[in-house]
Each structure stands twice: as C-alpha cells, then as structure tokens.
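Asker: For reference, the structure I am asking about is given below.
The numbers here are math on the coordinates, done by the rules we state, and not lab data. Values in this document were obtained by computation on a predicted structure and should not be read as measured data. Because the Cβ atoms are built from the backbone with ideal geometry, glycine has one as well, and the counts that use them run over all protein chains shown.
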Amino acid sequence: MESRIFLIGFMGSGKTTQGSALARKLGYRFVDMDRLIEERAGMSIPEIFSEQGEEAFRKWECDLLMELCRIDCLVVSTGGGAPCHDDMIGIMNEHGCTIYLRLSPRALRERLVHSKTERPLLGDRTEDELLDFIEKLLAEREAYYLKARYTVDGTNLQTDRLVRLIREDL
C-alpha cells in the first residue's frame, strides 16, 4: 500500500474531512498542509499572503511538501492551489498516491455557503458571484487536479471507498 496519500481538490471538496477519516481507518498520521503552515508561520494563510506575499506562501507550501515526502504512513490534505504551482502535483505523484476529490461548481458553492470555515478568498460574494468565482478558478486549476492518479466524485463520498481504492492499487 502507498505510504503517502495526497488529497487534492478545490476548497470545500472535503479534503480535510476525508483525509482525517482516511488516516484513522488506515492507522496513518494526518496532516492538513494549510493548518501546519499556519502553525509554523504563527499567522493565518490570509496574513501570510498580506504580509509576505503569495510567493512566500508558495515557498512555505513547497518546503513543507518536500518534508512530508520523507514521512511514511501519511495522509495529506493539500491547499486547493498547491497542485498548481512549482510542479507540486508531479512531486506528489512521484512520492505517493494522489486522489482528486471532484465536485461540480454548484456542489462546491453549496458546501462553501454553509461552511463554518473562514475562507478569505471568497470574500463577501453573493451566491451567484460565488458560483462565477468557483467556475473560473476551477477552470484554471482542473488541468492540474486531473493529473492525480485517481479522480473520485466527492459528492456523498464514503471514506471506505477511498480505503478500497488505495488497497486495490497494490
């Protein structure tokens, strides 16, 4: 079985929820890259972007990914944009099993509208503006996401399906 599993996808696709459940079922450690970056930086992702810029944030991401690629028995929830920069999707594919949790823009909007998680990228958009934003950003990112080893429908996804997928990959 792969010793590293990387969950990728748009914000709200369920990477953190599925990742932590998957890690428990496999007996693996779980890492949410965004949360770990915030912890190490001592500031939130929006603060990193504001105070240090996107380039600094992407360096944090890349450095952390390289570190995680040396740890076995790990499930990683990446940031939504991580696979799209510095060939990070290539690095993830080389060092583990990548799974894209795919949802339609409308399903993502529904999840994000009802999410309790602070997502500064979304701002104060109306539901129609939010759908427009998701469609545009997803169109930019989808080519990277589709480089994952597996693409699974994230709608009503059961963690056991991911476990079976990973075990069948042997």
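Asker: Quick check for me: using +1 on Lys/Arg Cβ and -1 on Asp/Glu Cβ, what's the dipole size of the chain about its Cα centre, in debye to the nearest 20?
Answerer: 780
Asker: Turning to a different aspect of this structure: Measuring from a point 7 Å past the Cα of A41 along Cα-to-C-beta, which residues in region 59-84 have an amide N at less than 14 Å?
Answerer: Counting backbone N atoms under 14 Å from the label point, the list is 59-65, 79-82.
Asker: Place +1 on the Cβ of every Lys and Arg and -1 on the Cβ of every Asp and Glu in the chain, take the dipole about the Cα centre, and give the residue among L65, M92, Y28 whose Cα lies farthest towards its positive end.
Answerer: Y28
Asker: Restrict the search to region 1-88; then list the trypsin sites (Lys or Arg not before Pro) that DSSP places in a loop and that have at most 14 other Cβ atoms within 10 Å of their Cβ.
Answerer: R70
Asker: Still on this model: Could you give the length gained by full extension between E55 and D87, i.e. 0.36 nm per residue of separation minus their alpha carbon distance, to one decimal place?
Answerer: 10.1 nm
Asker: In the chain, what % of DSSP beta bridges are antiparallel (nearest 5)?
Answerer: Antiparallel bridges: around 0 percent, rounded to the nearest 5.
Asker: Roughly how compact is the chain, stated as its Cα Rg over 2.2 N^0.38 Å to two decimals?
Answerer: It is 0.99.
Asker: Turning to a different aspect of this structure: R109: net charge of surrounding residues, Cβ under 15 Å, Lys/Arg +1, Asp/Glu -1, itself excluded?
Answerer: Net local charge, R109 excluded: -1.
Asker: Near E67, within a Cβ-to-Cβ distance under 14 Å, what is the net charge of the other residues, with Lys and Arg +1 and Asp and Glu -1?
Answerer: +1
Asker: Gain in length, R167 to E142, computed as 0.36 nm per residue apart minus the alpha-carbon separation, to one decimal in nm?
Answerer: Gain in length upon complete extension: 6.4 nm.
Asker: Place a point 7 Å from Cα of R125 in the direction of its Cβ. Which residues in region 55-90 have their backbone N less than 20 Å from it?
Answerer: Only 79-85 pass the distance filter.
Asker: Run through region 51-145 and list the GluC sites (Glu not before Pro) located in a DSSP loop whose Cβ has at most 10 other Cβ atoms within 10 Å.
Answerer: Within region 51-145, the qualifying GluC sites (Glu not before Pro) (loop, at most 10 other Cβ atoms within 10 Å) are E118.
Asker: Still on this model: Considering the options Y145, L108, V163, tell which one lies farthest towards the positive end of the dipole of the chain, charges being +1 on Lys and Arg and -1 on Asp and Glu at the Cβ, about the Cα centre.
Answerer: The listed residue farthest towards the positive side: V163.
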